[in-house]
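Here is the structure we will look at, set down as structure tokens.
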Amino acid sequence: MATVSVSVKLSDATKARVDRLAANNGTSPHALMIEAIEAALERGEKHDAFVEAARQSRAQMIASGKAYDGDEYLAYARARLSGEKATRPRQKAIKTLGTTSR
């Protein structure tokens, strides 16, 4: 694996925190910073994947013209979480959602 050298400028206070945390964890400041960068990348990639899945779901909903009624789905989820048997609600035409009185 090829490696690339990168220079990072840290304030004295941040450098002291890195040194202290690395020493407490029995690792080097370099290893701590690499771990922190990799963790930040992982979080960012998971966030991006989540947002993309949401965009695709929204596009699918708009294309189909159907969605779940939020109150019905919430009641279904609560019943399932409490161990009750529940029938999953059916999707409805988007234009009809929110038009009935409750």
Of all residues in region 58-81, which are small (Gly, Ala, Ser) and closer than 16 Å to Lys92 by Cβ?
Ala63, Ser64, Gly65, Ala67, Gly70, Ala75
Of the conditions (1) modelled with pLDDT under 95; (2) open to solvent by less than 70 Å² (accessible area, probe 1.4 Å); (3) among the hydroxyl-bearing types (Ser, Thr, Tyr), Ser11 fails just one. Which one is it?
(1)
What is the residue count in region 1-27 for residues that are within 29 Å of the chain's Cα centre (by Cα) and over 16 Å from Ile37 (Cα atoms)?
1
In this structure, does Glu84 turn out to be modelled with pLDDT of 95 or more, outside any helix (DSSP H, G or I) and at negative phi?
yes
When region 14-48 is checked residue by residue, the ones that are touching a Pro at 6+ places or on another chain (Cβ under 6 Å) and either open to solvent by 80 Å² or more (accessible area, probe 1.4 Å) or of a type outside the set (D, E, K, R) (or both) are Val18, Ala22
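Please go through region 93-102 and pick out each residue that is open to solvent by less than 70 Å² (accessible area, probe 1.4 Å), outside any helix (DSSP H, G or I) and at negative phi.
Ala93, Leu97
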All positions within region 49-88 that are surrounded by 11 or more Cβ atoms within 10 Å (Cβ to Cβ), charged (D, E, K, R) and under 24 Å from the mean Cα position of the chain (by Cα):
Arg58, Asp69, Asp71, Arg78, Arg80
Taking interchain pairs and intrachain pairs at least six residues apart, which have beta carbon atoms under 7 angstrom, with the first residue in region 34-63 and modelled with pLDDT of 95 or more and part of a helix (DSSP H, G or I) and the second exposed (fewer than 10 other Cβ atoms within 10 Å of the Cβ) and of a type outside the set (Phe, Trp, Tyr)?
none
Pairs please, first residue from region 1-25 and at negative phi, second anywhere and of a type in the set (Lys, Arg), Cβ atoms under 9 Å, 6+ apart in sequence or on different chains.
Leu10/Arg17
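The values are calculated or read from the model by the stated rules, or taken from the named source; none is laboratory data. Keep in mind that what you see is a predicted model, and the values were worked out from it rather than measured. FYI the Cβ positions are ideal-geometry reconstructions off the backbone, even for glycines, and counts take in every protein chain you see. Note: areas computed on protein heavy atoms with side chains; ligands, DNA, RNA excluded. Shrake-Rupley method; radii C 1.70, N 1.55, O 1.52, S 1.80 Å.
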